[in-house]
Amino acid sequence: MTCAKLYFVAPFAVEVREEVLPPPRDDELLIRTLYSAISAGSESLFYAGLQPPGIKLDASLPGFGASTAYPLSYGYALVGKIIGTGPSADADLVGRLAFAFHPHASHALVKTGNACVLPEGVDALDAVFFPNMETAVNLVLDGAPLVGERVAVLGLGIVGLLTTSILSRFPLQALMAFDVSALRRRSAGSLGATACPEDPAEAKDLDLVYELTGNPQALDTALGMCGFHSRICVGSWYGAKTCPVSLGGDFHRNRVRLFSSQVSSLAPELSGRWTKERRASVAWRELTRLLPGSLVSHRFTLSHCAEAYDLIHRNSPDILQVVFTY
């Protein structure tokens, strides 16, 4: 059989290629895709040619060890129906819905151990949010908010919104959310943010700031929100984007802590008790609680992929989550 698969082929150029897909072997599962979600942060870098040269896509995920050079297939949030199994896979899985870290494609061949049959209560559209929910869980683990703290989320893409949703369940004094998009600010308010002002300058002397805009210029904004010994957790991947950052004055004298959070690994101080499996179970539980499918704002068929990426690149203010439908 053949499958349709998306490729980034040059800056601002994507195409869909037909590829021959062999029958499933050994413990492989054949999945017919229903939805795959675009990761606006990472994939917009690949679309614009801003990926750092010489690094691998994600060495922590099976099948993502290739370089970021063009042409490249990418995407890591695919959900579909299992329609075939290899001879050593469980044939009873046929007909079940499953999630896989897999590039955008109409079909996927994955090993049984690299697929996740959807838990009860999570449908296919909710499940495409799993990688971003796992990132949100990781951000909260790394930021480690304390009782009564004043916390801000800077950047309300899907990761920012899901992080806000988790933080809203903490006994914080304040949870502020910032974005240039009024739609995203309203969404953050509905997810539990206590204040969503338009101007970040209103936020001062915060305890913890999450920088999730994907724009390195926002680091100065985050620094301006901090007080003595405040923490800035950077979840953005800037790719090849750089800018000057003001690390004199208040940053230096206030002992502000600036650190990164990345979902490919767990913080060393947590690794004695936490595993990726434990973190994933928390992410699935949060998905079951939130059912975030309503955050899908745009749907495109794979044949209209260029329109989808152009919309994201223009940072349209009415974007929440963009998905491909099959």
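Quick check on region 229-264: of everything there that is closer than 21 Å to ALA203 by Cβ and among the charged types (D, E, K, R), which residue is surrounded by the most Cβ atoms within 10 Å (Cβ to Cβ)? Looking at the filtered set, the residue picked out is ARG231.
Scanning region 54-92 for residues that are basic (Lys, Arg) and surrounded by 13 or more Cβ atoms within 10 Å (Cβ to Cβ) turns up just one, LYS81. Among the conditions (1) out of contact with any strand residue (DSSP E or B) (no Cβ under 7 Å at 6 or more places or on another chain); (2) without any contact (Cβ under 8 Å) to a residue 24 or more places away in the chain, ALA195 misses just one, which is (1).
Kindly evaluate GLU269 against the criterion of being within 30 Å of CYS226 (Cβ to Cβ), assigned to a helix (DSSP H, G or I), without any contact (Cβ under 8 Å) to a residue 40 or more places away in the chain and more than 16 Å from the chain's Cα centre (by Cα). It is true that GLU269 is within 30 Å of CYS226 (Cβ to Cβ), assigned to a helix (DSSP H, G or I), without any contact (Cβ under 8 Å) to a residue 40 or more places away in the chain and more than 16 Å from the chain's Cα centre (by Cα).
Remark: pairs (first residue in region 93-116, buried (at least 17 other Cβ atoms within 10 Å of the Cβ); second residue of a type in the set (Asp, Glu); Cβ separation under 6 Å; 6+ apart in sequence or on different chains) = LEU109/GLU28; LYS111/ASP27; LYS111/GLU28; THR112/ASP27.
For (1) over 23 Å from the mean Cα position of the chain (by Cα); (2) outside the structural domain of ALA98 (by TED's automatic domain parsing); (3) not polar (S, T, N, Q), each residue gets a yes or a no:
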site	(1), (2), (3)
TYR7	no, no, yes
PHE12	no, no, yes
ASP26	yes, no, yes
ARG32	no, no, yes
ALA40	no, no, yes
SER44	no, no, no
TYR47	no, no, yes
PRO52	no, no, yes
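Of the residues that make up region 44-52, is at least one in a loop (DSSP other than H, G, I, E, B), at negative phi and crowded, with 22+ Cβ neighbours inside 10 Å?
Of the residues in region 44-52, the ones in a loop (DSSP other than H, G, I, E, B) are 49-52.
Next, from what is left, pick out any that are at negative phi: 50-52.
Narrowing the set further to residues that are crowded, with 22+ Cβ neighbours inside 10 Å leaves 51.
Yes, that holds for at least one residue.
The values are calculated or read from the model by the stated rules, or taken from the named source; none is laboratory data. Computed from a predicted structure; not experimentally measured. Note that each Cβ is placed from the backbone with ideal geometry, even for glycine, and that neighbours are counted across all protein chains shown.
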